[in-house]
1. Compute the Cα gyration tensor for region 1-87, then decide on rounded, prolate or oblate, letting a ≥ b ≥ c be the square roots of its eigenvalues: rounded whenever a/c is under 1.5, prolate when a/b is larger than b/c in the other cases, and oblate in all that remain.
2. Name the aspartates and glutamates eligible as straight-distance cross-link partners of residue 234: C-alpha to C-alpha under 12 Å, and not fewer than 8 places from it in the same chain.
3. For region 156-162, in order, what is each residue's ³J(HN,Hα) by Karplus, 6.51 cos²θ - 1.76 cosθ + 1.60 with θ = phi - 60°, in whole Hz (x at glycine and Pro)?
4. Give me the distance between the Cα centres of region 115-148 and region 320-361, rounded to whole Å.
5. Over region 3-78, what is the mean sequence separation of C-alpha contacts under 8 Å (at least six apart), divided by residue count, expressed as relative contact order in percent?
6. Can you sort 250, 21 by how many other beta carbons sit within 10 Å, fewest first?
7. With a 10 Å radius around each residue's Cβ, average the other Cβ atoms per peptide and rank 164-172, 241-249, highest first.
8. With θ set to phi - 60° and the Karplus curve 6.51 cos²θ - 1.76 cosθ + 1.60, what are the ³J(HN,Hα) couplings of region 248-253 in order, to the nearest whole Hz, using x for Gly and Pro?
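Coordinate-derived values only; no laboratory data. No experiment lies behind these values; they were computed from the predicted model shown. Every residue, glycine among them, receives a Cβ derived from its backbone with ideal geometry; neighbour counts consider all protein chains shown.
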Amino acid sequence: MTTENTISINGNGFSFKPGDTILDVARKHDIDIPTLCHLKGATPTGACRMCVVEVEGARTLLASCATPAAANMVVETESPKVVETRKMLLQLLLASGNHNCAISGSAGSDWTAFQLKVHKDDGSDELCPVWGDCHLQELAYRYQVSGEAFDSTEVSYPMETVNPFIVRDFSRCILCGRCVQACNDVQVNNAINFGYRGAPTKIVAAEDKPLKDSDCVFCGECVQACPVGALVEKDARYAVRPWETTKVRTTCTYCGVGCQVHLHIQGGKVVKVTGVEDLSPNFGSLCVKGRFGFDFIHSPERLKAPLIKKNGQFREATWDEALDLVADKLGSIKDAHGADSIGVLTSARVTNEENYIANKFTRAVLKTNNIDHCARL
């Protein structure tokens with residue numbers, strides 16, 4: 001290891017490649033530097049300053065996500081000055097809105113009044129909807145701070161609940177910009193951005209319209225990127241807690257891309273879907289169908305037995321009866337009009353294995369290539 005490409009972090013020397021930031025080097029060697037605004041695959045902004053580190057010879061603390069590693073650089077990631085700065089930043093963020101993370105320096109009347117106010121704003125008497133799944137809360141516990149050190153900031157904008165998929169809670173937005181980068185840099189939908197200036201700053205869609213009236217395609221990339229409770233799946237809000245669910249990795253069936261997803265299971269039911277990060281082909285990204293189109297799985301309208309129409313009315317039948325009827329009808333049609341008179345329509349809502357069987361049946365048994373599927377949400 002030569003000194004030309006060596007950096008010292010917390011007393012240990014590590015090599016780096018040109019273009020690596022301090023954060024890149026640290027993460028490659030399992031050194032934890034906390035972040036809130038940093039989004040993998042997007043241009044680092046250093047906006048939240050949570051990743052600041054102390055670099056020997058530098059006049060100020062530097063944002064490790066945006067500072068290139070340099071030869072012979074000496075870095076401390078948890079020095080007293082760094083820890084003090086992170087604590088102050090967390091205190092300011094916790095005081096900036098309805099962050100009722102159950103992080104409190106006391107159990108006095110001020111904290112109780114704050115919780116009651118949050119309950120009123122939320123329309124719920126539960127703790128934050130992402131309690132247990134919030135990076136800000138994790139850091140508040142890690143550094144043992146609360147928002148009581150500073151006067152709380154009044155919420156300027158009401159919650160947006162008018163669209164069917166996403167709740168936008170501006171009272172919990174920390175303006176980290178991850179959702180903007182996820183929308184513009186990762187998905188390239190360009191549906192949201194920063195709006196206004198100074199204290200009134202907020203994340204807006206075009207002309208500050210609700211998402212349902214904007215160019216948003218509801219891919220949910222912003223929701224997965226949000227480190228706090230500002231963006232939450234509408235159906236999962238308060239209904240899904242991480243410790244009550246198990247995750248099952250599988251492949252999305254809506255198209256042939258093969259996106260990897262996590263199904264969040266609670267009580268034997270799928271209650272939420274997220275993209276599997278750091279894994280091809282989607283690296284966490286999903287479309288609106290892959291992320292939100294799962295309600296049909298447990299729909300009470302799903303058929304539970306085969307139906308046969310007789311005299312204009314459907315009646316339940318056994319599988320043997322239904323299969324015999326279908327085989328007889330398909331065979332007679334094929335004999336009378338040829339294989340290409342038959343077409344098979346499958347569904348994106350069944351498993352890939354079932355679609356594969358349908359494909360083999362169509363081509364190998366019926367001897368036709370007339371097979372398609374309906375991908376409608």
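1. oblate
2. Of all the aspartates and glutamates, those that pass the test against residue 234 - Cα under 12 Å, at least 8 places apart if same chain - are 160, 169.
3. 3J(HN,Hα) across region 156-162, in whole Hz: 8, 10, x, 5, 9, 10, 7.
4. Cα centroid to Cα centroid, the span is 54 Å.
5. 42
6. Ascending Cβ contact count within 10 Å gives the list 250, 21.
7. Per-residue Cβ counts within 10 Å, averaged per peptide and sorted highest first, yield 164-172, 241-249.
8. Working through the residues one at a time gives 10, 7, 8, 10, 4, 9 Hz.
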